[in-house]
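Contents: one structure, followed by commentary.
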């Protein structure tokens with residue numbers, strides 16, 4: 001089955017925590033990367049099968065809107081089946097930290 005990557009960027013740390021928590025509870029996805037963007041923005045990337053990533057990102061977006069107490073989504077994107085050159089350059093691959101949680 002094709003793998004996908006989904007990314008959500010939020011304004012505020014609590015909002016990205018809500019998004020990440022909701023995504024891994026809503027679907028069979030694995031958090032593969034998290035970092036700060038700029039000016040109080042944070043992002044999280046998840047990997048899994050395309051349908052699972054779609055479900056996870058949708059749930060994460062809804063959770064930020066309803067549960068993050070003032071946090072907001074700045075952007076989001078889903079890439080179904082990213083090519084190897086994208087995986088080798090960008091930090092979206094499974095690592096030794098994320099591998100134990102891989103679905």
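Some points to look at:
- Some residue of region 62-78 being at pLDDT 95 or above, on the phi < 0 side of the Ramachandran plot and crowded, with 20+ Cβ neighbours inside 10 Å: yes
- Selection of region 25-39 for residues being over 9 Å from the mean Cα position of the chain (by Cα) and either modelled with pLDDT of 95 or more or part of a strand (DSSP E or B) (or both) yields 25, 26, 27, 28, 35, 36.
- Test: residue in region 85-96 that is farther than 16 Å from residue 17 by Cβ, touching a helix residue (DSSP H, G or I) at 6+ places or on another chain (Cβ under 8 Å) and assigned to a loop (DSSP other than H, G, I, E, B): yes
- Residue match in region 47-68 (condition: out of contact with any helix residue (DSSP H, G or I) (no Cβ under 8 Å at 6 or more places or on another chain), more than 14 Å from residue 103 (Cβ to Cβ), in a loop (DSSP other than H, G, I, E, B) and touching a residue at least 24 places away in the same chain (Cβ under 8 Å)): no
- Residue tally, condition surrounded by fewer than 19 Cβ atoms within 10 Å (Cβ to Cβ) and in contact with a helix residue (DSSP H, G or I) (Cβ under 7 Å, 6 or more places away or on another chain), over region 5-26: 1
The values are calculated or read from the model by the stated rules, or taken from the named source; none is laboratory data. The shown structure was predicted, so the numbers you read here are calculated from the model rather than taken from an experiment. All Cβ positions, glycine included, derive from the backbone under ideal geometry; neighbour counts span all protein chains shown.
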